[in-house]
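Values quoted throughout were computed directly from the atomic coordinates according to the rules given, and no laboratory measurement underlies them. Everything numeric in this text was worked out from a predicted model, so none of it was measured. For neighbour counting, all protein chains shown are included, and Cβ atoms are generated from backbone atoms with ideal geometry for every residue, glycine included.
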Amino acid sequence: MESQGIKRNIFQRILGIPATDLPRDAHSWAFSNGRIVLDLERVPELKKPGGAVRLEKKGLPERVLVIHDGEGVFHAFRNRCGHGGRRLDPVPGDPSLQCCSVGKSTYDHAGTVLSGPANSPIAVYRVDAEGAKLTIHLE
Ligand code: FES
């Protein structure tokens, strides 16, 4: 299967530059005791279905990709491709994620490899949505 939905040129793919950005408001989330708590009011990037942000540093043991899918459900994933460790992006209009590198390994929302050179799934984290608060459980 070849996903066509993510526009990345060959240089972006060689360098492993993802399409998904960090939240513009760096104070919109915090990590402690194995949990990320994110304030959706401060992350407009996640308001619409199809939106996504990547969360990094601030003591996180792993990079995390958070997406708002086409059904209005939030998902969180370990943001590290099972092939070479590059970052992932949601595929617009499709319930899948794709590695930003040349190999384009593609995964479903259960973390299973659908195509590409990756031979291991990605971790999927539990997400609880309560009002404007998302809690992502890394443990
Ligand atoms: S690092 Fe993802 S396909 Fe190679």
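Before moving on, here are some points about what is shown:
- In segment 20-99, trypsin sites (Lys or Arg not before Pro) in a DSSP loop with at most 13 other beta-carbon atoms within 10 Å: ARG24, LYS47, LYS57, LYS58
- Using a 4.7 Å Cβ-Cβ cutoff, the cysteines of the chain lacking any partner cysteine are CYS100.
- Placing unit charges on the Cβ atoms only, positive for Lys and Arg and negative for Asp and Glu, gives segment 1-119 a dipole magnitude near 440 debye about its Cα centre.
- Residue-averaged [θ]222 nm for the chain, counting only DSSP H segments that reach four residues, each worth -39500 (n - 2.57): -1000 deg cm²/dmol
- Among the listed pairs LYS7/LYS48; LYS7/LYS104; LYS7/LYS133; LYS58/LYS133; LYS57/LYS104, a Cα-Cα separation exceeding 22 Å is found for LYS7/LYS133; LYS57/LYS104.
- Gyration tensor (alpha-carbon) shape descriptor, segment 58-129, a/c threshold 1.5: oblate
- GluC sites (Glu not before Pro) lying in DSSP loop within segment 37-128, provided at most 16 other Cβ fall within 10 Å: GLU56, GLU62, GLU71
- Long-range amide H partners of GLY70 with built H, under 5 Å: GLY50
- Sequence-separation-based contact order of the chain, relative, with Cα cut under 8 Å and 6+ spacing, percent: 24
- Between ALA123 and ARG78, the built amide H atoms are under 5 Å apart, and every one of these is 5 or more places off in sequence or on another chain.
- For the chain, the calculated P(r), taken from all Cα-Cα distances in 10 Å bins from zero up to the bin holding the longest distance, is 13, 46, 34, 7, 0 percent.
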